[in-house]
Amino acid sequence: MTSVRALRVWLAAATGLAIAFGPVVGVAVADPVVAADTVLDRSLGLQGVQNARDVGGYRTVDGRLVRTGLVYRTGQLNNATPADMAALGERRVRVVADLRTGHERAIAPDRVPAGSGERWNDVIGQAPPQVLVTALTGGGDLYRAFVTAPGANAAFASVLRDVIETGDGAVLYHCTAGKDRTGWATAVLLTLLGVDRATVTEDYLLSNQYRDAGPNDPLNGVRSEWLDAAFDQVNQSYGGFDAYARDGLGLTDADIAALRAKMLA
């Protein structure tokens, strides 16, 4: 069996397991997370979609508030129920941005709410095979690839431009579990808006609670050191987050100003 074929078989098995069974209920999470009432505040309350929450509601370092009802993050939408679709329609989702690989999309095609358009922003499809095989299990190498893999910057930048340009309604972005690629997309967005790093990390770690992740459970959970690896790679590759936004993501000062004008109250 070739390495490429073996990789496809592994991804099919792992993705199929995630689709069939969802998060595995285990013991306590490995990292500290935000209290349960914070989870409930942002939960979309969907039945067939995991890790579904509003990105808004956080304070920035200068005391402004990230608006709710404009950006949502979730896991894949293939198991969304009719009630879920109706709920997303009521929340005026106009863009669904899919961060998965083509293989993941083929296994579990999205269901999207009426009135929304689909975007495909493959983050790691062009990454080396040893990175691609960690698509569902996380790890520092995967998170560094969010910054270095061919096509990754363009994928995340596309999501941010959707947020800027979607004038009537909300943007929803997702990967498979809604924790790794989706987690970095959210960390980038909140950082651009001026949310402090500790709060960004707390939001990221909420995936452990939403997915009932136990310790040493990379399929269901996330770890703060993974997010740290992505930020460290930003510093290594670009010298800092501002340069990453400008030179990596291709955002101008006007783009960032428009993002903040839309998202901050």
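Within the stretch 174-209, work out how many residues are of a type in the set (K, R) and either surrounded by fewer than 24 Cβ atoms within 10 Å (Cβ to Cβ) or more than 20 Å from Q50 (Cα to Cα) (or both). Total satisfying the criteria: 1. Of V49, V34, V39, all but one fail to be modelled with pLDDT under 95, in contact with a Leu (Cβ under 9 Å, 6 or more places away or on another chain), surrounded by 13 or more Cβ atoms within 10 Å (Cβ to Cβ) and not in a helix (DSSP H, G or I); the exception is V34. Cβ-Cβ contacts under 7 Å between residues 6 or more apart (or on different chains), taken from a first residue in the stretch 191-219 that is in contact (Cβ under 8 Å) with a residue 60 or more places away in the chain and at positive phi to a second residue that is assigned to a loop (DSSP other than H, G, I, E, B) and among the β-branched types (V, I, T), are listed as G194/T60; G194/V61; D212/V25.
Checking T81, T186 one by one, the residue that is under 14 Å from the mean Cα position of the chain (by Cα), hydroxyl-bearing (S, T, Y) and under 21 Å from Y210 (Cα atoms) is T186 and no other.
Residue count for the stretch 50-69 under the criterion of being over 15 Å from the mean Cα position of the chain (by Cα) and among the hydrophobic types (A, V, I, L, M, F, W, C): the result is 3. Can you spot a residue in the stretch 105-115 that is among the aliphatic types (A, V, I, L, M) and either over 21 Å from A52 (Cβ atoms) or in contact with a His (Cβ under 7 Å, 6 or more places away or on another chain) (or both)? Yes, there is a match, as at least one residue in the stretch 105-115 is among the aliphatic types (A, V, I, L, M) and either over 21 Å from A52 (Cβ atoms) or in contact with a His (Cβ under 7 Å, 6 or more places away or on another chain) (or both).
Within the stretch 51-89, track down each residue that is farther than 24 Å from R197 by Cβ and among the β-branched types (V, I, T). Listed by number, the list holds a single entry, T81.
Applying the selection to the stretch 53-95, what residues are in contact with a strand residue (DSSP E or B) (Cβ under 7 Å, 6 or more places away or on another chain) and hydroxyl-bearing (S, T, Y)? Matches in the stretch 53-95: Y58, T60, T68, Y72, T74. Taken together, G214, G194, G240 contain a single residue that is out of contact with any helix residue (DSSP H, G or I) (no Cβ under 6 Å at 6 or more places or on another chain), among the small types (G, A, S) and farther than 22 Å from A155 by Cα, which is G214.
The values are calculated or read from the model by the stated rules, or taken from the named source; none is laboratory data. Worth saying up front: this structure is predicted, and the values here are computed from it rather than measured. No Cβ is skipped: glycine too gets one built from the backbone with ideal geometry, and neighbour counts run over all protein chains shown.
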